[in-house]
Amino acid sequence: MKFSSKAGISKLRNAEASARELRSRGFTLIEMVVVISLILVLIAIALPMYSSSILRAKEARLHQNLTTLNKLIQEYSLDKKHAPQSLEDLVPGYIKFIPDDITGTPTTWETEPEDPENAWDPNNTGIGSVHSGSKELSSDGTAYSSWTH
């Protein structure tokens with residue numbers, strides 16, 4: 001079998017072209033740095049927005065829990081003709097469990113006594129309302145403990 005030199009040169013050129021084509025398919029270091037930088041910029045923009053949305057969700061849950069607990073205290077007082085002595089009095093028939101305060105635990109709720117002048121039984125006052133026991137400030141600058149509902 002005889003080899004022609006033109007065929008050998010043609011195969012060599014095709015092999016070199018294929019090698020150049022394979023090298024040109026990859027990314028350069030600069031391209032990779034640019035892409036990674038763009039990703040990092042997007043993360044830097046999104047992370048604070050994510051954190052603030054988590055805080056807003058916690059604050060909305062606190063507001064809902066305050067509204068629910070204060071409403072249930074009033075319902076209990078109307079039904080029983082006296083205010084509850086503790087939040088645990090609400091558990092058997094008014095709520096399944098005491099919800100968590102913004103602190104993440106149900107034990108930090110602070111109760112306000114019932115006004116003796118408007119109480120069902122002025123000699124035996126109970127809980128008039130509830131508020132958060134957290135000492136932290138909310139996103140609007142007010143203390144969570146000042147929120148009533």
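The values are calculated or read from the model by the stated rules, or taken from the named source; none is laboratory data. In this text the structure is predicted, and so the values were computed from the model without any measurement. Positions of Cβ are backbone-derived with ideal geometry, glycine not excepted, and every protein chain shown enters the neighbour counts.
For region 111-149, which residues satisfy the criterion of being surrounded by 13 or more Cβ atoms within 10 Å (Cβ to Cβ), among the hydrophobic types (A, V, I, L, M, F, W, C) and over 14 Å from LEU72 (Cβ atoms)?
Within region 111-149, ALA119, TRP120, ALA143, TRP147 meet the criteria.
Please state which one of ASN118, ASN65, ASN124, ASN70 is out of contact with any Pro (no Cβ under 9 Å at 6 or more places or on another chain) and either at pLDDT 90 or above or of a type in the set (Val, Ile, Thr) (or both).
ASN70
With respect to ALA17, is the statement that it is of a type in the set (A, V, I, L, M, F, W, C), modelled with pLDDT of 75 or more and surrounded by fewer than 11 Cβ atoms within 10 Å (Cβ to Cβ) true? Working first, answer last.
Values: of a type in the set (A, V, I, L, M, F, W, C): yes; modelled with pLDDT of 75 or more: no; surrounded by fewer than 11 Cβ atoms within 10 Å (Cβ to Cβ): yes.
Taking the combined requirement at face value, the residue does not satisfy it.
Okay, residues lined up against (1) over 30 Å from SER52 (Cβ atoms); (2) in a helix (DSSP H, G or I); (3) touching a residue at least 40 places away in the same chain (Cβ under 8 Å):
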{"position": "LEU69", "(1), (2), (3)": "no, yes, yes"}
{"position": "PRO92", "(1), (2), (3)": "yes, no, no"}
{"position": "PHE97", "(1), (2), (3)": "no, no, no"}
{"position": "THR107", "(1), (2), (3)": "no, yes, no"}
{"position": "PRO116", "(1), (2), (3)": "yes, no, no"}
{"position": "ALA119", "(1), (2), (3)": "yes, no, no"}
{"position": "PRO122", "(1), (2), (3)": "yes, no, no"}
{"position": "GLY128", "(1), (2), (3)": "yes, no, yes"}
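Looking only at region 53-110, count how many residues are exposed (fewer than 14 other Cβ atoms within 10 Å of the Cβ), among the aliphatic types (A, V, I, L, M) and within 11 Å of VAL130 (Cβ to Cβ).
0
Looking for whichever is hydroxyl-bearing (Ser, Thr, Tyr), at pLDDT below 90 and more than 29 Å from GLU136 (Cβ to Cβ) here; the options are SER51, SER24, SER37. Which one fits? Give the derivation first.
Details: SER51 fails: more than 29 Å from GLU136 (Cβ to Cβ); SER37 fails: at pLDDT below 90.
Every option except SER24 fails the conditions.
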